[in-house]
Amino acid sequence: MEGGTVKRERAARGKSKGRTVDSRALAEIQALLGEEPRRRDLLIEYLHKIQDRYGQISAAHIVALAREMKLAMTEVYEVATFYHHFDVIREGDKAPPALTVRVCDSLSCEMGGANELIAELKRALGDGVRVVPAPCVGRCEQAPVAVVGQNPVARATVDKVRPLVAAKKTKCPAGKYIAYAEYRRNGGYRIAAECLAGERDADTIIKTMEDSGLRGLGGAGFPAGRKWRIVRNEKPPRLLAVNIDEGEPGTFKDRYFLERDPHRFLEGVIIAAWAVQISEIYLYLRDEYAGCRATLERELKALQTDPPCALPPIYLRRGAGAYICGEESAMIESMEGKRGMPRLRPPYVAQVGLFGYPTLEHNMETLYWVREILEKGADWFASHGRHGRKGLRAFSVSGRVNKPGVHLAPAGITVKELINEYCGGMLPGHQFYAYLPGGASGGILPALMGDIPLDFDTLNQYGCFIGSAAVIILSDQDKAAAAARNVMKFFADESCGQCTPCRVGTAKALSLMEKPHWDQGLLEELSGAMADASICGLGQAAPNPIRCVMKYFPKEVE
């Protein structure tokens, strides 16, 4: 520790070698960074500054940034080109148009007509605006979604998008939410203050979390209280890394909660940090959530200006468009200013995580529940559930239902119960045909298997899992094989490329799936290689939709 601050990697290489630094570009970079520290872990933040200011990242700016940060130009270049949201302009390349409209073409939006919308927007907006397909933007209940700059357009049409483009309304408008003063008036931060004042016992808090049965709600499902205890037993300093990078197609629950009640989550963060004796807190938010970022910046400032208790340092880090950064170790690499490439394990991040220190890594929703569990007790949370399961789940539901959205329902509810009791039934003229219980990687099941309890471990025997509870509903007007192709295209585009089974396997699988009749023997062989030999969950789970289609929808691919 240095003055209460964790030591971070510092570059000390002297002058960068290679291309001559353009004096004008260097002056622009120096003015942009001002007095901010030139640390390696801030590289992505500084690339965002360049992108936001100039609408692109030129070769001259990469050279100048490398000089200013005392990094090799290759290090800056490889990071800048890894992430989707950085427009890196090589020497001789034509700069992109000043305005970009991204249209989500992941499964829910494709079902909502995204491909047709892309073609219509290209014709309507002309050459002065770049219209590009984009991976899931976390608004699946609003499909199809277009994003004008950073301004999302729900249920987008040409008539909705065109005036925003003409007026250059590219900023995400602020929504209504429970701000700091109101949250405090309603009893917010009372438990956090009691913890920091010594009125509560950390072991008792951790025991309550263990007894509640709360599990990690980012997808892995590791018991939250047990994770707190494991990390607390590691040597200090310890860090907390919060994963708000929900890039799984079909998932949007974290955005939903942040847009409405951000301090409930932040109080959970502070309580967890106190219980585990955390030195610093890092929040990693996906770049697609520009509105949530503005909210968090505003509310963190309010919290730190008038704190209810002693606060550890809290840092907000901005993703840059990479699904792989939802994997905990890839997220940590990105927080350190690197490409988001998963680490080999062991060691686990609880032992060697951010900056090499023991790290408590949590999904945003997991921490959102902490205050309520401590207020109402472990038994309150565990008392919810159906079909022998315990707890509550925030289901992100999209697809062919009347009421898509985030639905808070008992763990263990079946998809048929979810559709009928929470989603207002199927859309008129649509019959329930199939569903994805856990987003793109959770597999696909037919409607006749719609009575399986939705929870951790209940779907494994069917080649599926619930993950982050992203439920996508297909009707008799859809095909499971087409859904599998969509998600495999997503996996192929989002593979970080580090390991051959995933990099080559997803691309090869997609080419085989695009044929009218699948070579099922070869696809199964390929699936086995990806599942067994990929480094992380992306490649390991990518075969799930393939295998499910071949097993449960064989007539679609014979």
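The values are calculated or read from the model by the stated rules, or taken from the named source; none is laboratory data. Note that the structure is predicted; figures quoted are calculated from it, not measured. Here the Cβ is made from the backbone with ideal geometry for all residues, glycine too, and neighbour counts use every protein chain on show. Surface areas here come from the heavy atoms of the whole protein model, side chains and all, with no ligands, DNA or RNA. Shrake-Rupley method; radii C 1.70, N 1.55, O 1.52, S 1.80 Å.
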(message) Just want the answer: with Cβ charges of +1 for Lys and Arg and -1 for Asp and Glu, which residue in Phe490, Gly128, Asn243 is farthest toward the dipole's positive end in the chain?
(response) Gly128
(message) Suppose every Lys and Arg Cβ carries +1 and every Asp and Glu Cβ carries -1, with no other charges. What dipole size does segment 109-173 come out with about its Cα centre, to the nearest 20 debye?
(response) 320 debye
(message) Can you order the peptides 200-213, 529-542, 243-256, 361-374 by their average number of other Cβ atoms within 10 Å per residue, highest first?
(response) 243-256, 361-374, 529-542, 200-213
(request) Before anything else, pin down the relative contact order of the chain: Cα pairs under 8 Å, at least 6 apart, normalised by residue count, whole percent. (result) 13 percent
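Could you work out what % of the accessible surface of the chain is carbon and sulfur, using a 1.4 angstrom probe and leaving DNA, RNA and ligands out of the count? Working shown, then result.
Numbers: 11110 of 22560 Å².
Here carbon and sulfur together make up 49 percent of the probe-accessible area.
So, with +1 on the Cβ of K and R and -1 on the Cβ of D and E, and no other charges, what is the size of the charge dipole of segment 243-320 about its Cα centre, to the nearest 20 debye? If you can, show how the numbers build up before the last one.
Numbers: 10 positive and 13 negative charges, 21 e Å.
Using only the charged Cβ atoms, the result is roughly 100 debye.
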(request) Among the aspartates and glutamates, select those whose C-alpha is under 17 Å from the C-alpha of Lys169, and discard any that sit fewer than 8 residues away in the same chain. (result) Asp52, Asp159, Glu288
(request) Set Lys and Arg Cβ to +1 and Asp and Glu Cβ to -1, take the dipole of the chain about its Cα centre, and tell me which of Leu427, Phe395, Ala166 lies farthest positive. (result) Ala166
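Given Cα pairs under 8 Å that are at least 6 residues apart, what percent is the relative contact order of segment 46-128? Could you put the intermediate results ahead of the total?
On the way: 55 pairs, mean separation 21.2, N = 83.
For segment 46-128, the relative contact order is 26 percent.
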(request) Which order do the peptides 381-388, 440-447, 517-524 take when ranked by the mean count of other beta-carbon atoms within 10 Å per residue, highest first? (result) 440-447, 381-388, 517-524
(request) For Tyr433, list long-range residues whose amide hydrogen, built 1.01 Å from N in the peptide plane, is under 5 Å from its own amide hydrogen. (result) Leu474, Ser475, Asp476
(message) Could you give the length gained by full extension between Glu91 and Leu316, i.e. 0.36 nm per residue of separation minus their alpha carbon distance, to one decimal place?
(response) 77.7 nm
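Kirkwood hydrodynamic radius for the chain: how many Å is it when counted over pairs of different Cα atoms?
On the way: mean 1/r = 0.0409 Å⁻¹.
24.5 Å is the Kirkwood radius here.
Ranked from highest to lowest mean number of other Cβ atoms within 10 Å per residue, what is the order of the peptides 77-87, 119-129, 218-228? Write down the numbers at each step before the final one.
Details: 77-87: 18.7, 119-129: 14.2, 218-228: 20.3.
Ranked by mean Cβ neighbours within 10 Å, highest first: 218-228, 77-87, 119-129.
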(request) Would you please state which residues of segment 261-299 a label at Asp52 would reach in this model, taking the label point 7 Å out along Cα→Cβ and a backbone N cut-off of under 20 Å? (result) 282-299
(request) Using a cut-off of under 15 Å, list every residue of segment 85-118 whose amide N is near the label point 7 Å from the Cα of Ala166 along the Cα-to-beta-carbon line. (result) none
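Rounded, prolate or oblate: which one fits segment 141-262, using the alpha carbon gyration tensor with axes a ≥ b ≥ c (rounded when a/c is under 1.5, else prolate when a/b beats b/c, else oblate)?
Working: a/c = 3.03, a/b = 2.01, b/c = 1.51.
Prolate.
Report the relative contact order of segment 248-328, percent, no decimals, based on alpha-carbon pairs under 8 angstrom and at least 6 residues apart.
Numbers: 53 pairs, mean separation 31.5, N = 81.
Contact order relative to length: 39 percent.
Report the extension gain between Ser511 and Gln30 in nm, rounded to one decimal, defined as 0.36 nm multiplied by the number of residues separating them, less their alpha carbon distance. Please report the intermediate quantities before stating the final value.
Numbers: separation 481, 0.36 × 481 = 173.16 nm, distance 4.65 nm.
In short, 168.5 nm is gained.
How big is the dipole moment of the chain about its Cα centre under a simple scheme where the beta carbon of each Lys and Arg is +1, that of each Asp and Glu is -1, and everything else is neutral? Debye, nearest 20, please.
On the way: 73 positive and 68 negative charges, 220 e Å.
Taking the Cα centre of the chain as origin, the dipole is about 1060 debye.
Please identify the helices of the chain, taking whole runs of DSSP H, that span at least 20 Å along their own axis as judged from the Cα atoms and have a mean Kyte-Doolittle score of 1.0 or higher. Before the final figure, lay out each step's value.
Values: long enough: 262-276 (21 Å, 1.02); 290-305 (23 Å, -0.37); 480-494 (21 Å, 0.24).
For the chain, where a helix must reach 20 Å along its axis and average at least 1.0, the hits are 262-276.
Sorted from largest to smallest, which semi-axis lengths in Å does the alpha carbon gyration tensor of segment 330-458 give for its equivalent ellipsoid, taking the root of 5 times each eigenvalue? Present the calculation step by step, with values, prior to reporting the outcome.
Working: eigenvalues 219, 86, 36 Å².
Semi-axes, largest first: 33, 21, 13 Å.
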(request) Compare the Cα positions of Pro262, Cys536, Ala378 along the charge dipole of the chain (+1 at Cβ of Lys, Arg; -1 at Cβ of Asp, Glu; about the Cα centre) and return the one farthest towards the positive end. (result) Pro262
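Could you pull out the pairs from Lys122/Lys515; Lys94/Lys171; Lys7/Lys235; Lys7/Lys338; Lys94/Lys489 whose alpha carbons sit more than 19 Å apart here? Please list the in-between numbers first.
Numbers: Lys122/Lys515 28 Å; Lys94/Lys171 25 Å; Lys7/Lys235 15 Å; Lys7/Lys338 17 Å; Lys94/Lys489 27 Å.
Listed pairs above 19 Å: Lys122/Lys515; Lys94/Lys171; Lys94/Lys489.
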(request) Could you work out how far apart the two model spin labels at Asn233 and Ala124 are, taking each label as a point 7 Å from the Cα in the direction of the beta carbon, and quote it in nm? (result) 5.9 nm
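For the chain, what does -39500 (n - 2.57) per DSSP helix run (n ≥ 4), summed and divided by total residues, give at 222 nm, in deg cm²/dmol to the nearest 500? All intermediate terms of the calculation are to be shown ahead of the outcome.
Working: 24 runs with 232 residues, N = 558.
That calculation yields -12000 deg cm²/dmol at 222 nm.
Give me D for segment 479-543 in µm² s⁻¹, whole number, from Stokes-Einstein with Rh from the Kirkwood sum over alpha-carbon pairs, 37 °C and 0.692 mPa s.
Values: Rh = 11.4 Å.
Rounded, D is 287 µm²/s.
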(message) Given points 7 Å out from each Cα along the Cα-Cβ axis, report the Ala72 to Lys551 separation in nanometres with one decimal.
(response) 4.5 nm
